[in-house]
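Student: Following this message is one structure expressed as structure tokens.
The values are calculated or read from the model by the stated rules, or taken from the named source; none is laboratory data. Keep in mind the model is a prediction, meaning the values are calculated, not measured. Here Cβ is always computed from backbone atoms with ideal geometry, including for glycine, and neighbour counts include all displayed protein chains. Note: accessible area is taken over every heavy atom of the protein model, side chains too, but ligands, DNA and RNA are not part of it. Shrake-Rupley method; radii C 1.70, N 1.55, O 1.52, S 1.80 Å.
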Amino acid sequence: TKTEVKVQVGANVRISEPAYGAGWRVTANPDGKIINSDGAVYENLYWEGLGRGEYPAIKQGRVVERANIKIELRHDLAALGLNKDETRDFLEFWLPKMPATPYIRLTWLTTAEMNALAPLYISPRPDVLARVFLDFAGQDTETTDLTPQKLTGFERKGFTVVEWGGFLIGR
């Protein structure tokens, strides 16, 4: 149902759309459209910044050939539960930012890791909160000592919030 929602991020927000201020107060519609307090309509809320928590150690992930990055990301995003529109938007935003190295290391942070790094405070509390966050870096070789990750999705039921993002080492 149409719901008035307050959202705050436990991070130092540098850039946002719409303007973040002390948080967002929006109306969430069942079709996914978000109406800001000023009446402007958005597909999503966008923020860039630094989380206030401790960044997790990168111990899991894999290295893929740059030539296959789009296929690999599409596969991962499906496994993580993103829908067609979310996957399209993720790829549109992140593919141009992929390093020009022969190989790329991919590590997906979990919702729990993101909640520790940059918690989301959402009222009313969503029934489902899924945070899909990619940590990646360019490499000259496919060598890695990372443990492979098992990617799991989520079930959308009731008031569902999906956040996707990423972090490129060296930016």
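Student: Consider the stretch 98-115. How many of its residues are touching a Gly at 6+ places or on another chain (Cβ under 8 Å) and either open to solvent by 60 Å² or more (accessible area, probe 1.4 Å) or charged (D, E, K, R) (or both)?
Tutor: 2
Student: Still on this structure: If Leu50 meets every condition in (1) under 17 Å from Gln8 (Cα atoms); (2) assigned to a helix (DSSP H, G or I) apart from one, which number is that one?
Tutor: Result: Leu50 fails condition (2) only.
Student: Follow-up question, since we're still on this one. Is it true that Ile71 is at pLDDT 95 or above and of a type in the set (A, V, I, L, M)? Explain how you work it out, then say what you get.
Tutor: Details: at pLDDT 95 or above: yes; of a type in the set (A, V, I, L, M): yes.
Criteria met by Ile71.
Student: Then there's this: Of all the residues that make up the stretch 13-40, how many are open to solvent by 90 Å² or more (accessible area, probe 1.4 Å) and touching a strand residue (DSSP E or B) at 6+ places or on another chain (Cβ under 7 Å)? Walk me through how you get there before you give the answer.
Tutor: Applying the first criterion (open to solvent by 90 Å² or more (accessible area, probe 1.4 Å)) to the stretch 13-40 yields 14, 17, 25, 30-31, 37-38.
Retained after the next criterion (residues that are touching a strand residue (DSSP E or B) at 6+ places or on another chain (Cβ under 7 Å)): 14, 17, 25, 37.
Selection size over the stretch 13-40: 4.
Student: Those residues that are open to solvent by 50 Å² or more (accessible area, probe 1.4 Å), closer than 20 Å to Gly10 by Cβ and modelled with pLDDT of 95 or more, I need them from the stretch 130-171; list them, please.
Tutor: Matches in the stretch 130-171: Trp164 only.
Student: Here are some conditions: (1) among the small types (Gly, Ala, Ser); (2) over 25 Å from Leu134 (Cβ atoms); (3) assigned to a helix (DSSP H, G or I). Ala79 meets all but one. Which one does it not meet?
Tutor: Of the numbered conditions (1) among the small types (Gly, Ala, Ser); (2) over 25 Å from Leu134 (Cβ atoms); (3) assigned to a helix (DSSP H, G or I), the odd one out for Ala79 is (2).
Student: Leu73 passes all but one of (1) touching a strand residue (DSSP E or B) at 6+ places or on another chain (Cβ under 8 Å); (2) within 30 Å of Thr147 (Cβ to Cβ); (3) free of Cβ contacts under 8 Å to residues at least 24 places away in the same chain; which number fails?
Tutor: (3)
Student: Just give me the residues in the stretch 55-70 being surrounded by 14 or more Cβ atoms within 10 Å (Cβ to Cβ), of a type in the set (A, V, I, L, M, F, W, C) and part of a helix (DSSP H, G or I), in sequence order.
Tutor: Ile69 - this is the single residue of the stretch 55-70 that is surrounded by 14 or more Cβ atoms within 10 Å (Cβ to Cβ), of a type in the set (A, V, I, L, M, F, W, C) and part of a helix (DSSP H, G or I).
Student: Further question: State yes or no: is Leu73 in a loop (DSSP other than H, G, I, E, B), surrounded by 15 or more Cβ atoms within 10 Å (Cβ to Cβ) and in contact with a helix residue (DSSP H, G or I) (Cβ under 7 Å, 6 or more places away or on another chain)? Talk me through it step by step, then tell me what you get.
Tutor: On the way: in a loop (DSSP other than H, G, I, E, B): no; surrounded by 15 or more Cβ atoms within 10 Å (Cβ to Cβ): yes; in contact with a helix residue (DSSP H, G or I) (Cβ under 7 Å, 6 or more places away or on another chain): yes.
No, not satisfied.
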